[in-house]
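The values are calculated or read from the model by the stated rules, or taken from the named source; none is laboratory data. As the structure is a prediction and not an experimental result, all values here were calculated from the model. Heads up, the Cβs are rebuilt from the backbone with ideal geometry, glycines too, and the neighbour counts pull from every protein chain shown. When the accessible area is computed, the model is the full protein with side chains, heavy atoms only, and any ligands, DNA or RNA have been set aside. Shrake-Rupley method; radii C 1.70, N 1.55, O 1.52, S 1.80 Å.
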Amino acid sequence: MKFGIDRLIAESALRAPLSGRRVALLAHPASVTADLTHSLDALAACSDITITAAFGPQHGLRGDKQDNMIESPNFNDALHGIPVFSLYGEVRQPTDAMMDRCDVILVDLQDLGCRIYTFITTLRYVLEVAARRQKAVWVLDRPNPIGRPVEGLMLRAGWQSFVGAGPLPMRHGLTLGELGAWFIRTLNLDVEYRVIAMQGWQPDAAPGFGWPLGERTWINPSPNAPNLWMARAYAGTVMVEGTTLSEGRGTTRPLELFGAPDVDGRAVIREMTSLAPQWLPGCNLRDCWFEPTFHKHVGELCNGVQIHTEGPGYDHGGFRPWRIQALAFKAIRRLYPRYALWRDFAYEYEQGKLAIDVINGGPLLREWVDDVSATPQDLDELAVPDEQRWLSERQEVLLY
């Protein structure tokens, strides 16, 4: 198969509308061609494209920033002689001065298929500013590595944030090119927009089910996204960022596991299995021990649970990471009623709100966990209508 960047490099007819226009690239470390050339280098080598600027999202163009809310500065690229503007630093939307450097912004970002992944929000901001400044936006499309499944509550009104760009479920099942079209429709934007579509993407095909496993090299789109298995679990495990539990940052398997020094992983799995066995097929859960080398519980031996999606027990259609992680929180609350589960800190520039609520686009998930009488069926009754609505709504922008 071919990603959007590979088609643009290979097909001169696709590049023809860029002739005579100043081009900027929004990219990160996973923005590479099939032969692992960074997209900035590959585009700069095209004699019919004039690259005048680049943009970096959260974690930077080069992916040098490890954690949330660690900003990247602007800098000059010595090789190509262009400015590289940070969209996760002093500003998160392109300024007029930045936009004055280009006529077209090419967006080549590897997404993870989860609402909270901030590259989605950066795309929205770029589209909004481009509409106002009459600039063009082209998305060089890439796979949604977790394919088409949909799961989770929709973001509620009033809960938009840098990790919640709009009324999407946690697991949206769209590519970045499709998301751009959805933003344009939803926000009623008047912007020149084009998607350089992929060729041969089969989101339902085994063994990758979204990611062309064995055909394309995985490169971390952010420092703690080291493999496909993390991407599969992420729509659930990202919620651990809003808790006092470790999400495995500072280990070699971040966001595939969770735990703490005062948690019994085996007991948590038993309680999860007792409460909602119908939510667990599709993956394997294993109690494990780990010691983070940085971040939460650094240097402490933690017990917890690893979510395995890489083995024969993986069922793409049956795997429900958002429900699995919600169920784990519920199990911990039942096992340890007074556990200080929710972490109170400024999360992605949001003040005065619990991080778990910012992550979920509202308080409903946390309220369900903390309500001793609430059942798994109650959470389904909240989430299923949202999921069904989204499945219908997204049909209008599907390209594949």
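Summary table below
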{"read-out": "Test: residue in the range 211-220 that is modelled with pLDDT of 95 or more and buried (at least 23 other Cβ atoms within 10 Å of the Cβ)", "value": "yes"}
{"read-out": "Residue tally, condition within 22 Å of the chain's Cα centre (by Cα) and within 30 Å of ALA131 (Cα to Cα), over the range 194-207", "value": "6"}
{"read-out": "Within the range 83-202, strands (runs of 3 or more DSSP E) holding 1 or more residues that are without any contact (Cβ under 8 Å) to a residue 60 or more places away in the chain and buried (at least 19 other Cβ atoms within 10 Å of the Cβ)", "value": "136-140"}
{"read-out": "Residue in the range 343-386 that is farthest from PRO277 (Cα to Cα), counting only those that are outside any loop (DSSP other than H, G, I, E, B) and among the β-branched types (Val, Ile, Thr)", "value": "VAL358"}
{"read-out": "TYR314 being over 27 Å from GLN58 (Cβ atoms), out of contact with any strand residue (DSSP E or B) (no Cβ under 6 Å at 6 or more places or on another chain) and of a type outside the set (D, E, K, R)", "value": "yes"}
{"read-out": "Residue satisfying condition, being part of a helix (DSSP H, G or I), closer than 19 Å to ILE105 by Cβ, out of contact with any strand residue (DSSP E or B) (no Cβ under 6 Å at 6 or more places or on another chain) and open to solvent by less than 40 Å² (accessible area, probe 1.4 Å), within set ALA30, ALA42, ALA16", "value": "ALA42"}
{"read-out": "Residue match in the range 303-312 (condition: of a type in the set (A, V, I, L, M, F, W, C), in contact (Cβ under 8 Å) with a residue 60 or more places away in the chain and part of a helix (DSSP H, G or I))", "value": "no"}
{"read-out": "Any hit, the range 315-325, residues being open to solvent by 10 Å² or more (accessible area, probe 1.4 Å), free of Cβ contacts under 8 Å to residues at least 60 places away in the same chain, out of contact with any helix residue (DSSP H, G or I) (no Cβ under 8 Å at 6 or more places or on another chain) and not small (Gly, Ala, Ser)", "value": "yes"}
{"read-out": "GLU215 vs. criteria acidic (Asp, Glu), touching a residue at least 60 places away in the same chain (Cβ under 8 Å) and outside any loop (DSSP other than H, G, I, E, B)", "value": "no"}
